[in-house]
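A short worksheet on the structure shown next.
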Amino acid sequence: MKDLYFDSEKWVVRYLVIDTLKWLPGLQVLVSPVSFDNVELADKRISILATRLQIEKSPSIEEHRPLSRQMETDLHTYYGWTPYWIGEGLWGNGDRPTTSQTKPTENELNEQERPFLRNVNELKGQWTGYTVNGLDQKIGNVVDFVFDDDSWAVHYLIVDTGDWLPGRKVMLPPEAIVSINWATKEISTNLTSEDAKVEATERNSILHLDEISIDNLRRRSITNK
């Protein structure tokens, strides 16, 4: 897994970007949690409901290129996935990715509303991560995301406080985010510096969360069924 695309409106992971490495050199493909058959935490493995031939022939993507609704429609049509943008839930009419929903009409499938998709690598990084600002000062930089492997909802952004609170990180829930300036790479929150101090935790304690962090997910292999 090389990257993820998440929905910046509903805060949920929509796709994993898979680098096929030596199998299909130079090819990167998208897989949706809708296609996941099993997520094995202990073995660090995700099994997907797709054949090798399907993956070989699937629509590929260009790295860092924004995903259009048409590109998503092509992908969902190819795999037969139910479009997440039809319905009010996190995943269409429900809150979990599933293939058992009603088949969409052609008009619904071709809905051209611009998707709110962003790739995780754009936001996170020890030195290049988006700046997180509180009401009274800078809190830190985004270094990771935390989500669950059931609904694939993003629960926290992990913010490194740097020199301000050395050795500490803040778990920032999406509800605390007021706005994101994509041009200046800044995230505004409703937290004060005192709020951040209370929420700050030791770096090692982050590793004990039940949810999955992006860095942890990167160490997993993707296999087809």
Out of curiosity, is ASN133 in the same structural domain as SER193 (by TED's automatic domain parsing), modelled with pLDDT of 80 or more and not charged (D, E, K, R)? yes
Show the residue pairs that are 6+ apart or on different chains and have beta-carbon atoms under 8 Å apart, the first residue being within the range 115-137 and closer than 17 Å to SER179 by Cα, the second being among the acidic types (Asp, Glu) and part of a loop (DSSP other than H, G, I, E, B). PHE116/GLU9
Reported set for the range 61-80 where residues are under 14 Å from ILE18 (Cβ atoms), surrounded by 15 or more Cβ atoms within 10 Å (Cβ to Cβ) and not β-branched (Val, Ile, Thr) is LEU75, TYR79
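Okay, residues lined up against (1) surrounded by 20 or more Cβ atoms within 10 Å (Cβ to Cβ); (2) under 14 Å from the mean Cα position of the chain (by Cα); (3) without any contact (Cβ under 8 Å) to a residue 12 or more places away in the chain:
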site: LEU4; (1), (2), (3): yes, yes, no
site: SER32; (1), (2), (3): yes, yes, no
site: ASP43; (1), (2), (3): no, no, yes
site: ILE46; (1), (2), (3): yes, no, no
site: LEU53; (1), (2), (3): no, no, yes
Scan of the range 81-98 for residues that are under 17 Å from LEU30 (Cα atoms) and surrounded by fewer than 16 Cβ atoms within 10 Å (Cβ to Cβ), ordered by number: THR98
Touching a strand residue (DSSP E or B) at 6+ places or on another chain (Cβ under 6 Å), modelled with pLDDT under 90 and surrounded by 15 or more Cβ atoms within 10 Å (Cβ to Cβ) - does that describe any residue in the range 172-195? no
Taking into account only those residues within the range 130-149 that are outside any strand (DSSP E or B) and more than 13 Å from the chain's Cα centre (by Cα), which is surrounded by the fewest Cβ atoms within 10 Å (Cβ to Cβ)? GLN137
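The values are calculated or read from the model by the stated rules, or taken from the named source; none is laboratory data. What you are looking at is a predicted structure, and each value in this text was computed from that prediction instead of being measured. Don't worry about glycine lacking a Cβ; one is built from the backbone with ideal geometry, like all the others, and counts go over all protein chains shown.
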